[in-house]
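Asker: The structure is given below, and queries will be raised subsequently.
The values are calculated or read from the model by the stated rules, or taken from the named source; none is laboratory data. What you are looking at is a predicted structure, and each value in this text was computed from that prediction instead of being measured. Here the Cβ positions follow ideal geometry from the backbone for every residue, glycine too, while neighbour counts run over all protein chains shown. Accessible surface is based on the protein model in full, side chains and every heavy atom, while ligands, DNA and RNA are left aside. Shrake-Rupley method; radii C 1.70, N 1.55, O 1.52, S 1.80 Å.
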Amino acid sequence: MAEGKKIILTIGRQTGSGGREIARRISSELNLPYYDRELLTRAAKESGLSETLLEGHDEKPTNSFLYSLVMDSYPYGYASAFNGMPIDHKVFLAQFDAIKKIAAEGSCVMVGRCADYALEEDPALLSVFIYGEMEDKVKRLQERYQVSEAKAQEMILKTDKKRSSYYNYYTNKKWGDSRSYCLCLNSSAFGIDGCVELIRRAIAIRTGEQF
């Protein structure tokens, strides 16, 4: 796959849906570079911002006035837009620019961070959203973090609220809406293995390759 037709797989996910595990499986099985928190490392290195700073603003909504300023300035070039802007500008623009550069380098898997929006004009894009039933998501978080059912549910609601606000604000689409993605999969219905297989098939259809 790495030497075949280019494919950029972006995966949005509800907390506890198994989206990250699915993305890692696809990356491993098809030998594709994987970017999740790795994207923050790349953005920090190229922008000169600290990775800790980027993590602190990761997938969190920002001030609308600041966002309008950064998007107005972006078309004039990354460097000119970056100089002298408030920190919220810098964090968003650093990630946005890193996503563009990574996609230009070849096939890969990216998780979250509005990557599907940043790359919506790329013909190689296959955007996927993973969701699931609350009962299954709670159970997955309880097992992973050793927390109570109530705590797991709280984690899901709070994290997804932030992700939804971030995505809806920065894009012209709606987080989790089937119209915002090429493919939406219910991990409660298909399981992790089933979702991986369905995405592999979708990639095969898009690229015309079998693997």
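Asker: Kindly indicate whether Lys161 is without any contact (Cβ under 8 Å) to a residue 12 or more places away in the chain and of a type outside the set (A, V, I, L, M, F, W, C).
Answerer: yes
Asker: How many residues, within region 6-22, are of a type in the set (S, T, N, Q), part of a strand (DSSP E or B) and within 16 Å of Asn168 (Cα to Cα)?
Answerer: Number satisfying all stated conditions: 0.
Asker: Which of the residues spanning region 159-205 are buried (at least 19 other Cβ atoms within 10 Å of the Cβ) and in a helix (DSSP H, G or I)?
Answerer: If the condition is that a residue be buried (at least 19 other Cβ atoms within 10 Å of the Cβ) and in a helix (DSSP H, G or I), then Asp160, Arg163, Tyr166, Tyr167, Tyr170, Ser180, Ser187, Cys195, Val196, Ile199, Ile203 are the ones that fit.
Asker: Next question. What's the total number of residues in region 106-139 that are buried (at least 21 other Cβ atoms within 10 Å of the Cβ) and in a helix (DSSP H, G or I)?
Answerer: Residues that pass the stated criteria total 5.
Asker: Any residue in region 115-131 that's without any contact (Cβ under 8 Å) to a residue 24 or more places away in the chain: show its pairings with residues that are among the aromatic types (Phe, Trp, Tyr) and open to solvent by less than 50 Å² (accessible area, probe 1.4 Å) at Cβ separation under 7 Å, as long as the two are six or more apart or on different chains.
Answerer: Close Cβ pairs (under 7 Å, with a partner that is among the aromatic types (Phe, Trp, Tyr) and open to solvent by less than 50 Å² (accessible area, probe 1.4 Å)) amount to Ala118/Phe96.
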